[in-house]
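Notes follow the structure.
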Amino acid sequence: VPQHVWRINLDTPEEAHQNLSFGAADRWWEQTDLTKLILASNKLQCLSEDVRLLPALTVLDVHDNQLTSLPSALGQLENLQKLDVSHNKLKSIPEELMQLSRLKSLLLHHNELSHLPDGFGQLVNLEELDLSNNHLTDIPTSFALLINLVRLNLACNQLKNLPADISAMKSLRQLDCTKNYLETVPSKLATMASLEQLYLRKNKLRSLPEFPSCKLLKELHAGENQIEILNAENLKHLNSLSVLELRDNKIKSVPDEITLLQKLERLDLANNDISRLPYTLGNLPQLKFLALEGNPLRTIRRDLLQKGTQELLKYLRSKIQDDVSSPNEEPPLTAMTLPSESRINMHAITSLKLLEYSEKQAAVIPDEMFDAVRSNPVATVNFSKNQLNGIPPRIVELKDSVCDVNLGFNKIASISLELCMLHKLTHLDIRNNFLTSLPEEMEALTRLQVINLSFNRFKVFPSVLYHILALETVLLSNNQVGSIDPLRLKKMDKLGTLDLQNNDLLQVPPELGNCESLRTLLLEGNPFRTPRAAVLAKGTAAVLEYLRSRIP
């Protein structure tokens, strides 16, 4: 930082020495002291202790530099209200920072902090604190004193537990603990009367906390955990809840009490183990979005799931009457009885053209499943959520009819040639397996429109995909993809959706902006610096336009 910046309040301006007749605008001795200093997105490795020469500062923004430490003189900026030191390389915070009693916003995200000073509670006027994307393993108990804090972001750290004391934060409206190692949530959290949004995604929770006092809680996000049971107790107090997101858990059933959530607008239960739903779900007055895909629902046909929320709710409402009038029709499935374990569901094969053997933890698909098909044209195969190590070889027998294959959530490490012979295939779901590559022979799948390869182990974008020109949707999130070839992608002129979230892309090639067919491009969660998060947040069109502007 040039020295005259630090001395701007002290030194008389140059022109004072030359011009001796001052107009009103030039009366430099009436200038006020500097209140805002923005040094963001430079290459600063340290800040001078001379920062103390700017005591009137209310805003100091040094985000996106290469700072490894902060000067202790920061503690003397007693008027400071906003301090942004995010996206640096800070390993610790000076104790002196705790003297900034007027500080309202402190942004420390994307640094290398592994611990925080104990005196954190002295920042009593703090309203916003972002500590996400650091290496924190615990939180100082003095956090309890931050009674004016409204937003607290602890996402993407290494927290194994939360101190019960944070329940004392009486003003807290938003708490984000996404992507930590939490196995439980302190029961006292339930007394946080102001809490409106709680994010607990991607932790290790086995059950949902109970929330008797959280009367204002509007959003609860707890997807990608290991929640198995949804209790009536967890739900019945949440009168204000409008978003309940529980996807990618292990929930087996939904209690009837879910209908108490009269304000619910979004309910996401995708990819769980739910086999039955309370039909009364159809009566939730505000529900606009209901996601159920990836569940072994016995009573709802798969094609119905794809017709969208309104059709689904209409169907559920239509069944409420049937439920009352014929209670003996179907015994409730308990967790113990696995349906069609012994008998093959011939009705599914003949009427629904569906061959299903999912959630059996099976290492192989029994021959009698394939034998039962005989000459029936099977269109859909679902072998998901098993322990398969490879593609079942006999799948090739279905090559003249099958168009939708789901092999997600198995242990498949490579694609066999049998799969490459299913020439009518339009949808292929192999998410959550151990794949590192795809064979070039897959080029024969000329009708393939949708492929889901999320949560595998790809380090590069599988080159064979560039040759399958019918592809409309490629889902490759949560892999380790390090690069993409924009020129080859441009030739895939039907490609509308490309999901590359949570990969290892260090840069986004500007030429990707020329892929004009893309309607949805998802890049969050990669380590590249540009485009910045603010650009990504504006949506696909803005990102493509930004990339085009960067083409040399």
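The values are calculated or read from the model by the stated rules, or taken from the named source; none is laboratory data. Small disclaimer: the values here were computed from a predicted structure and weren't measured. Neighbour counts run over all protein chains shown; Cβ positions are idealised from the backbone, glycine included. Note: areas computed on protein heavy atoms with side chains; ligands, DNA, RNA excluded. Shrake-Rupley method; radii C 1.70, N 1.55, O 1.52, S 1.80 Å.
What the table below lists for this structure:
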| read-out | value |
| --- | --- |
| Pairs with Cβ under 8 Å, 6+ apart, first in segment 388-410 and free of Cβ contacts under 8 Å to residues at least 24 places away in the same chain, second of a type outside the set (Lys, Arg) | none |
| Hey, residue 481 within 27 Å of residue 391 (Cβ to Cβ) and not assigned by the TED database to the domain that holds residue 64 or not | yes |
| Subset of segment 138-157 (residues that are open to solvent by 20 Å² or more (accessible area, probe 1.4 Å) and at pLDDT 95 or above) | 148, 150, 151, 153, 156 |
| Among residues of segment 439-458, those that are open to solvent by 40 Å² or more (accessible area, probe 1.4 Å), over 15 Å from residue 494 (Cβ atoms) and either in contact (Cβ under 8 Å) with a residue 40 or more places away in the chain or of a type in the set (Phe, Trp, Tyr) (or both), counted | 1 |
| Residue 454 being in contact with a Phe, Trp or Tyr (Cβ under 9 Å, 6 or more places away or on another chain) and hydroxyl-bearing (Ser, Thr, Tyr) | no |
| Entirely in segment 380-429, the strands (runs of 3 or more DSSP E) that have 1 or more residues that are closer than 14 Å to residue 442 by Cβ | 404-406, 427-429 |
| Residue count for segment 501-543, restricted to those that are touching a strand residue (DSSP E or B) at 6+ places or on another chain (Cβ under 7 Å) and open to solvent by less than 70 Å² (accessible area, probe 1.4 Å) | 7 |
| Hey, residue 133 open to solvent by 20 Å² or more (accessible area, probe 1.4 Å) and at pLDDT 95 or above or not | yes |
| Residue check, residue 489 over 22 Å from the mean Cα position of the chain (by Cα) and either part of a loop (DSSP other than H, G, I, E, B) or surrounded by 17 or more Cβ atoms within 10 Å (Cβ to Cβ) (or both) | yes |
| Every pair of residues 6+ apart whose Cβ atoms lie under 9 Å, when the first sits in segment 52-75 and is among the acidic types (Asp, Glu) while the second is at pLDDT below 95 and open to solvent by 10 Å² or more (accessible area, probe 1.4 Å) | 64/529; 64/532 |
| Residue within segment 415-428 that is more than 28 Å from residue 387 (Cβ to Cβ), of a type in the set (Asp, Glu) and in contact with a helix residue (DSSP H, G or I) (Cβ under 7 Å, 6 or more places away or on another chain) present | no |
| Selection status of residue 436, within 18 Å of residue 496 (Cα to Cα), surrounded by fewer than 22 Cβ atoms within 10 Å (Cβ to Cβ) and either without any contact (Cβ under 8 Å) to a residue 60 or more places away in the chain or within 24 Å of the chain's Cα centre (by Cα) (or both) | no |
| Residue 170 being in the same structural domain as residue 81 (by the TED database), out of contact with any Phe, Trp or Tyr (no Cβ under 6 Å at 6 or more places or on another chain) and open to solvent by 60 Å² or more (accessible area, probe 1.4 Å) | yes |
| Unique residue being part of a loop (DSSP other than H, G, I, E, B) and within 22 Å of residue 284 (Cβ to Cβ) when the list is 251, 258 | 251 |
| Checking residue 86 against (1) assigned to a loop (DSSP other than H, G, I, E, B); (2) open to solvent by 20 Å² or more (accessible area, probe 1.4 Å), the condition it does not meet | (2) |
| Among the candidates 188, 179, 236, residue that is under 29 Å from residue 294 (Cβ atoms), more than 25 Å from the chain's Cα centre (by Cα) and open to solvent by 50 Å² or more (accessible area, probe 1.4 Å) | 236 |
| Residue 257, sole failed condition from (1) open to solvent by 30 Å² or more (accessible area, probe 1.4 Å); (2) more than 26 Å from residue 215 (Cβ to Cβ) | (2) |
| Any hit, segment 355-369, residues being modelled with pLDDT under 95, more than 21 Å from residue 469 (Cα to Cα), open to solvent by 30 Å² or more (accessible area, probe 1.4 Å) and under 28 Å from the mean Cα position of the chain (by Cα) | yes |
| Selected residue [within 39 Å of the chain's Cα centre (by Cα), modelled with pLDDT of 95 or more, aliphatic (A, V, I, L, M) and not in a loop (DSSP other than H, G, I, E, B)] from 37, 57 | 37 |
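Matching residues to (1) assigned to a loop (DSSP other than H, G, I, E, B); (2) touching a residue at least 24 places away in the same chain (Cβ under 8 Å); (3) under 24 Å from the mean Cα position of the chain (by Cα):
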residue: 466; (1), (2), (3): no, yes, no
residue: 479; (1), (2), (3): yes, yes, yes
residue: 498; (1), (2), (3): no, yes, yes
residue: 516; (1), (2), (3): yes, yes, no
residue: 535; (1), (2), (3): no, no, yes
residue: 547; (1), (2), (3): no, yes, yes
